[in-house]
1. Go through (1) outside any strand (DSSP E or B); (2) farther than 25 Å from residue 277 by Cβ; (3) of a type outside the set (A, V, I, L, M) one by one and return the number of the condition residue 396 breaks.
2. Condition first: touching a residue at least 40 places away in the same chain (Cβ under 8 Å), within 16 Å of ligand 3 (Cβ to nearest atom) and closer than 25 Å to residue 130 by Cα. Now tell me which residues in the range 59-101 satisfy that.
3. Check 114, 22 and return the single one that is open to solvent by 10 Å² or more (accessible area, probe 1.4 Å) and either at pLDDT 95 or above or within 16 Å of ligand 3 (Cβ to nearest atom) (or both).
4. Of the conditions (1) over 19 Å from residue 331 (Cβ atoms); (2) open to solvent by 20 Å² or more (accessible area, probe 1.4 Å), residue 70 satisfies every one except a single condition; which number is it?
5. I'm trying to understand the selection: among the residues of the range 358-377, which are surrounded by fewer than 23 Cβ atoms within 10 Å (Cβ to Cβ) and either small (Gly, Ala, Ser) or touching a Gly at 6+ places or on another chain (Cβ under 7 Å) (or both)?
6. Can you tell me how many residues within the range 133-169 are out of contact with any Asp or Glu (no Cβ under 8 Å at 6 or more places or on another chain), open to solvent by 10 Å² or more (accessible area, probe 1.4 Å) and either free of Cβ contacts under 8 Å to residues at least 60 places away in the same chain or assigned to a strand (DSSP E or B) (or both)?
7. Quick one: residue 215 ticks every box in (1) farther than 22 Å from residue 171 by Cβ; (2) among the charged types (D, E, K, R); (3) more than 19 Å from the chain's Cα centre (by Cα) bar one, so which box is it?
8. Considering only the range 175-196, I want to know if a residue exists there that is open to solvent by less than 50 Å² (accessible area, probe 1.4 Å), in contact (Cβ under 8 Å) with a residue 12 or more places away in the chain and over 30 Å from residue 280 (Cβ atoms).
Amino acid sequence: MILEGRFWHPQRGLTDGCVAIGDDGTIKRVAKTISGAKERVRGMLLPAGLDMHVHFRDPGFPHKEDWASGSTAAACGGITAVVDMPNTQPPTDSPAAFADKARRAATASVVDFGLGVSARPGISRETWFDELPAAFWKLYPYGISWEDYQSTATEVTAAGGHPLVIHGEHPSHIAPGPPRELAEHTAHRQLAEAECLAGMPASPQLHVAHLSTADGLAGLPVGATAEVCPHHLLLNLDACDSLECKVDPPLRTPRDNAALWSGFRDGRIAVLASDHAPHLPEEKASGAPPSGIPGVETMLPLMLQQVVTGNLELGRLVNAMAEAPADRLGLSRGRIARGQPADLIEVDTKATRPVVLERLHSRAGWTPYEGWDAIFPQRVWRRGELVAADGEPQASRGGQPLFTAQP
Ligand code: NCD
Ligand code: ZN
Ligand code: ZN
């Protein structure tokens, strides 16, 4: 297949030309002209997104999401690869749990996938620590003392190998009971992020998940990378005060939004990630909702709209959604260039339409972005195969692991 039109060249930016895709799903050639039958691109061709932070809930909570529903939502939103977090049931914290989840994903996912593995004290001494093809180790502040949290971060970053992704909230600030209102949840965790980050090792192995505060950004450990989620850029307590919007870390203030936007625009926060965290609609509507906002399908459409309104440079978005997460995880992908997987989205910047819950594919059945302007990709290819068109799935299954064991 040869696609012809405007595309994002990793060095030159928007360029007119042709992209040839081989039967093996990789990009064979990128050139001004290529002979052969061509298909015209409407708008422009961008690398598809790699979302390094999703919760697809399988095994354990498939009624909230499973690999089929989560990956379909991802594909329709222009994401062709995800990394799933280990807080499933059972948690992904052993070779057996890893193999079980990898099998589920390989059976049902339409997008390519990596798996995060839960870190705990002493994990670097496990026999499998150097061999498990994890995307990264993940450290949560729940059910752990600050001493163990800190020592695990030091232990795992010093051991080298995979990155350590932290949920950067100090465990002492995690309130035991449900908040009465959303502002209370935010108030509880006001200092949690900055205090946690101040106690983290200065290590290039460290990656801070879902950065949410101006203070956290100012106090990023030296050498560490970070990600930001659409909800911490676009939402705050003024815009959304219902308990449904309870998320960890919480929604904050417009001042925090502004600081995060500045860090995101200038690349101090390199990565865009959704922290797609679906729960049942009735759970979210209850008086004691679990934390989490779904967003894997709306992330790129909302951010593409931010590009159109002049709030974000296209090149920065391409970097944050495709290049930077790939680089962070040591993967050769995310660019429209020879040898890369043909993971592409066709985007028409004139095709703005509102987000409509009925047209989303997550089991979450809820979105805080109902009615927001967005630009959904016209077509989405995963390794050269059309997996979504006009926000609807065109394929099921076929996802492959992003990481495999070294022989
Ligand atoms: C996540 C979940 O529901 O799994 N919830 C959330 O509020 N972000 C967990 C997490 O990412 O911390
Ligand atoms: Zn988290
Ligand atoms: Zn998460």
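The values are calculated or read from the model by the stated rules, or taken from the named source; none is laboratory data. Note that the structure is a prediction, hence the values are computed from the model and not measured. Ideal geometry is used to build each Cβ from the backbone, glycine not excepted, and the neighbour counts take in all protein chains shown. Each accessible area value is taken on the protein alone, full model and side chains, heavy atoms only, with ligands, DNA and RNA left out. Shrake-Rupley method; radii C 1.70, N 1.55, O 1.52, S 1.80 Å.
1. All conditions are met except number (2).
2. Taking the range 59-101 and keeping what is touching a residue at least 40 places away in the same chain (Cβ under 8 Å), we get 59, 63-83, 85-87, 100-101.
So of that shortlist, the ones also within 16 Å of ligand 3 (Cβ to nearest atom) come out as 64-65, 70, 73-74, 79, 82-83, 85-87, 101.
Within the range 59-101, 82, 83, 85, 86, 87, 101 qualify.
3. Working: 114 fails: open to solvent by 10 Å² or more (accessible area, probe 1.4 Å).
Sole residue among the options that is open to solvent by 10 Å² or more (accessible area, probe 1.4 Å) and either at pLDDT 95 or above or within 16 Å of ligand 3 (Cβ to nearest atom) (or both): 22.
4. Result: residue 70 fails condition (2) only.
5. Those that are surrounded by fewer than 23 Cβ atoms within 10 Å (Cβ to Cβ) and either small (Gly, Ala, Ser) or touching a Gly at 6+ places or on another chain (Cβ under 7 Å) (or both): 359, 365, 371.
6. Count: 17.
7. (1)
8. Of the residues in the range 175-196, the ones open to solvent by less than 50 Å² (accessible area, probe 1.4 Å) are 175, 177, 179, 182-186, 189, 192-194, 196.
Right, trim to in contact (Cβ under 8 Å) with a residue 12 or more places away in the chain and you get 175, 179, 182-183, 185-186, 189, 192-194, 196.
Next cut, over 30 Å from residue 280 (Cβ atoms) only: 194.
The answer is yes, given that some residue of the range 175-196 is open to solvent by less than 50 Å² (accessible area, probe 1.4 Å), in contact (Cβ under 8 Å) with a residue 12 or more places away in the chain and over 30 Å from residue 280 (Cβ atoms).
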